[in-house]
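Participant: Okay, handing you the structure first.
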Amino acid sequence: MSRRSLAALAACALLALPACSNGGAAPGPDEPTAAQRLATAKQQADSASSVHLLVTSRDVPDTAEGILGLDGVGTHEPAFKGLLDARVRGINARIDAVAIGSALWLKLPFTPRHVKTDPATWGVPSPAQLLSPETGLTALITHTQSPQDAGQAREGQEVLRTITGTIPGANVGQILNTGDPNGTYQVSYGLTEPDGVLRKASITGPFFPGATSSYDVVFDRYNEPVEINEPSDAQTSAPPGMPFPGGTGTLAPGPPTATVTAKPARPTPTGTQSIGPADPP
């Protein structure tokens, strides 16, 4: 071995830099496979009492409509509260949303109160189902084919292991309610090292006709205490002409409530920008 090679090897050993990893090489005999790492990450997310979600989209056509992003917290009650980034009839809007079970309340920018509506009118599943192990975001892992370990890289104060794969369009449509069912989607996951917590997911493919678009998801602030209640300003009926995609809605009787007690905190990334609740100290 040359003196230069020995020096490079020594630098890797001393500094323990992720850049010195062997990328997508096959795991050693005692290391978990990419599929096993994904299964562990899914189990941790599915068992968390709450998870903060930040969803953004890229390369979306100007003509696309629906929910293009969100920022909020979800639980397995199931429940969700946060902000939805939507495009409806060519208008971009940031919508305050509360979902508990099948009930969904939205506060549009031009309305003074939350009004109940049907998620189906927006062409999306209820935000309360975002953390469903069977039909939520982590279900993408279940349908990921040919997962490959693409190595590690530092992002802020965390080291993330990237695992890539593909998902059939039919499965993407079942989970996200959008996209070409005959297409194939490229997916990548970022898992924290060494504990393997799911931190990021990115899925790219034919979500909209004539375009290749991406949705990026950040999973953080696991197991924070959160209480999700029916909005205190919920009105009993929508004003005439309320431009929800599916028409107006009425409030169901009884105030559903979802309360979550904190579990021991998991590591969270630093530097993530969010429009939702403030980061914990």
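Computed from the coordinates by the stated procedures, all read-outs in this text should not be read as laboratory data. Please read these numbers as outputs of a predicted model, since none were measured by experiment. Reconstructed Cβ throughout: ideal geometry from the backbone, glycine too, with neighbour counts over all protein chains shown.
Participant: Ranking request for peptides 158-164, 217-223: highest mean number of other beta-carbon atoms within 10 Å first, then the rest in descending order.
Facilitator: Taking the mean over residues of other Cβ atoms within 10 Å, the ranking is 217-223, 158-164.
Participant: With a ≥ b ≥ c the root eigenvalues of the C-alpha gyration tensor of the stretch 33-135, is it rounded (a/c under 1.5), prolate (a/b larger than b/c) or oblate?
Facilitator: The shape class here is oblate.
Participant: Set the Förster radius R0 to 41 Å, insert the Cβ-Cβ distance between S102 and T33 as r into 1/(1 + (r/R0)^6), and round the FRET efficiency to 0.05.
Facilitator: The value I calculate is 0.60.
Participant: Using amide H atoms built 1.01 Å from N in the peptide plane, name the residues 5+ places from S213, or on other chains, whose amide H lies under 5 Å from its own.
Facilitator: G205, F207, F208
Participant: How do the peptides 144-157, 75-88 rank, highest first, by the average count of neighbouring beta carbon atoms within 10 Å per residue?
Facilitator: Taking the mean over residues of other Cβ atoms within 10 Å, the ranking is 75-88, 144-157.
Participant: Which value results for Rg/Rh of the stretch 31-260 when Rg is the Cα radius of gyration and Rh the Kirkwood radius based on the inverse mean 1/r?
Facilitator: Answer for the stretch 31-260: 0.98.
Participant: Moving to a separate point now. Output the peptides 203-210, 113-120 sorted from most to least packed, where packing is the average of other Cβ atoms within 10 Å over each peptide's residues.
Facilitator: Put in order of decreasing packing, that is 113-120, 203-210.
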